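Input: a single structure, listed below in structure tokens.
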Amino acid sequence: MPDTKTKATDDKVIKSEEQWRRELTPMQYAVLREKATERPFSGEYEHDHRAGTYVCAGCGNVLFESDAKFDSGCGWPSFTQPAIESHIDEERDTSHGMIRTEVLCSKCSGHLGHVFPDGPGPTGLRYCINSAALKLEPK
């Protein structure tokens, strides 16, 4: 039976903070709901080279494919492009005295990481994503 307190509005997942705390690990909650960042080189998927699809750890939204993943040396999983453009939202982030582009899950508004214009071809982008925000569904 579905949780009646979870609302899907225009394919958006809306849950109470209590629900998110129950369903996510402490690190997932900190990253996805509080916009925390994992320590560099500490995430589960930083050096994972398995083929598959990376989905949002909060809601299962398809985010990235393993064939777009590359080793940027930055300490977090990096991708050249999202699997489906509309599954990612971007917002201006001026926290910590920097101007960056924050990457969010379009379905649950969970914080994923940031995107930078210093990646390899073909996009020239580096989506720098916290492992705690992801779940790998191996092929």
*asked:* Among 129-138, 25-34, 43-52, how do they line up by average Cβ neighbours within 10 Å per residue, starting with the highest?
replied: 129-138, 25-34, 43-52
*For segment 7-138, compute the number of Lys pairs whose alpha carbons are separated by less than 20 Å, excluding pairs fewer than 8 positions apart on the same chain.*
12
*Please name which of 116, 82, 103 has its Cα lying farthest along the dipole of segment 7-138 towards the positive end, using unit charges on Cβ (Lys, Arg +1; Asp, Glu -1) and the Cα centre as origin.*
103
*Along the positive direction of the dipole of the chain (beta-carbon charges: Lys, Arg +1; Asp, Glu -1; about the Cα centre), which of 32, 136, 47 reaches farthest?*
32
*Near residue 31, within a Cβ-to-Cβ distance under 15 Å, what is the net charge of the other residues, with Lys and Arg +1 and Asp and Glu -1?*
-3
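Values in this text are rule-based calculations from the coordinates and carry no lab data. Nothing here was measured: the structure is a model prediction, and the numbers come from that model. Note: ideal-geometry Cβ built from the backbone for every residue, glycine included; neighbour counts use all protein chains shown.
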